[in-house]
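Right, one structure below, let's go through it.
The values are calculated or read from the model by the stated rules, or taken from the named source; none is laboratory data. Here the structure is a predicted model, which is why all the values come from computation and not from measurement. Glycine gets a Cβ as well: all are built from the backbone with ideal geometry, and neighbour counts include every protein chain shown. Heavy atoms of the whole protein, side chains included, go into the accessibility calculation; ligands, DNA and RNA do not. Shrake-Rupley method; radii C 1.70, N 1.55, O 1.52, S 1.80 Å.
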Amino acid sequence: MYRHLKIEERGEVALVRIDRPPANAMDLELLEEGSRALEELRTAEPGAVVITGRDGFFSAGVDLKAAPQLDSDGQRAMVDGINRLFGGWYGFPRPLVCAVNGHAVAGGLILALCGDHRVGAHHGKLGVTELRAGLPYPAVAMLVVKSELTPAVARRLVLGAGLLDPEEGLELGLVDELQGDDHLLDRALDVGAELAALPRQTYTQVKRQLRGEALARIERIFEEGDPLAEGWVTDEAADASAGVLGTRD
C-alpha cells in the first residue's frame with residue numbers, strides 16, 4: 001500500500017501518479033514509497049511506465065520544511081533515498097515517460113530528466129534550484145543533470161538556480177514536447193505504448209549502452225556511499241530554505 005502514490009494499469013503501460021499535497025515535495029516517506037514502487041515495477045516488468053503528478057505540480061523537489069529539521073541520520077537517509085530513487089529510475093530497464101504536468105523544480109525536474117521521453121505542460125516553472133535553497137546536489141542527482149543536459153545548459157541552470165517557462169525549457173531540452181492539459185497524459189501514455197512495442201530485450205540493452213557510463217558511476221555511488229550524506233543541511237541551508245519558502249525570521 002502507498003499513501004502518496006497510485007499505480008494504475010493502462011494496457012501495457014503502468015501509470016504512476018504522485019499525490020503528496022500541496023506540491024509533491026519529497027520527504028523521507030515519499031522517497032521510500034517511490035523506491036518501493038520502482039522495485040515493484042521492476043519485478044512486474046510492464047511494457048513501459050509513465051510518471052505524472054497532481055494538479056499543477058509534477059514535483060517541487062525536496063521538502064524544504066522537512067529537510068532542515070532532519071538529524072544526521074535523517075540527512076543520510078534523505079541523501080541515500082534521493083540517490084537511489086533517481087538512480088533506479090534513470091537505469092530502469094523498461095521505457096520511462098514523464099508526463100510533466102506542471103511545476104517541476106529542483107529534484108522534481110531531475111526526476112523528470114530520468115525519463116526516456118518527457119512530455120511537458122504549457123504552464124508551470126522548470127528549474128534546478130538547489131543552490132538557491134542552500135542544498136548541494138546528491139551525487140546521483142548531479143550526475144543525471146550532467147548526463148541529460150548540455151554543459152552550457154547545465155551550467156546556466158545549476159549555477160543560476162533560476163526558473164524557466166515551459167517554452168524555454170523545450171528549447172533547452174528539459175522536455176521533449178509540450179501538450180495542453182487535455183492531451184498531456186494521453187500523449188504520454190501513447191508514447192509509452194509506442195516504446196513498449198519496440199523489441200523488449202533490445203530496448204533494455206540499448207538503453208544500457210546509451211547510459212552505461214553514467215549507470216556504472218551510479219552503481220559505484222551505491223557501493224561506496226555519497227560523502228555529501230554527512231552534513232548535507234547546514235545552517236546556511238536552513239536559512240536559505242526558509243528564504244525560499246518566505247518563512248525567514
Problem - Which numbered condition Ala133 fails, given (1) open to solvent by 10 Å² or more (accessible area, probe 1.4 Å); (2) in contact with a Ser or Thr (Cβ under 9 Å, 6 or more places away or on another chain); (3) closer than 11 Å to Val62 by Cα - result: (1)
Fill in the blank from the handout: Per the filter on the range 171-201, residues open to solvent by 70 Å² or more (accessible area, probe 1.4 Å) and assigned to a helix (DSSP H, G or I) are Glu171, Asp181, Asp182, His183, Asp186, Arg187, Asp190, Glu194, Arg200, Gln201
Exercise for the section: Filter the range 49-72 down to residues that are of a type in the set (A, V, I, L, M), at pLDDT 95 or above and either part of a strand (DSSP E or B) or more than 23 Å from Gly124 (Cα to Cα) (or both), then give me how many there are. Expected result: 4
Problem - Filter result for the condition that a residue is of a type outside the set (A, V, I, L, M, F, W, C), touching a residue at least 60 places away in the same chain (Cβ under 8 Å) and closer than 30 Å to Glu167 by Cα, over His117, His4 - result: His117
Problem - Residues (part of a strand (DSSP E or B), in contact with a helix residue (DSSP H, G or I) (Cβ under 6 Å, 6 or more places away or on another chain) and open to solvent by 10 Å² or more (accessible area, probe 1.4 Å)) located in the range 77-117 - result: His117
Practice task
Tell me which of these Pro227 doesn't satisfy, since it passes every other one: (1) modelled with pLDDT of 95 or more; (2) open to solvent by 80 Å² or more (accessible area, probe 1.4 Å).
Solution key: (1)
Completion exercise
Within the range 3-48, the residues that are within 24 Å of Gln201 (Cβ to Cβ), assigned to a strand (DSSP E or B) and either of a type in the set (Asp, Glu) or open to solvent by 70 Å² or more (accessible area, probe 1.4 Å) (or both) are Glu9, Arg10
Exercise for the section: Could you tell me whether Asp73 is of a type in the set (Asp, Glu), surrounded by fewer than 23 Cβ atoms within 10 Å (Cβ to Cβ) and without any contact (Cβ under 8 Å) to a residue 24 or more places away in the chain? Expected result: yes
Handout entry: Count - residues of the range 206-244 that are in contact (Cβ under 8 Å) with a residue 12 or more places away in the chain and either under 16 Å from Gly134 (Cβ atoms) or touching a Cys at 6+ places or on another chain (Cβ under 9 Å) (or both)
Key = 13
Practice task
Starting from residues that are at pLDDT below 95 and outside any helix (DSSP H, G or I), keep the ones in the range 118-135 and report whichever is nearest to Ala242 (Cα to Cα).
Solution key: Gly134
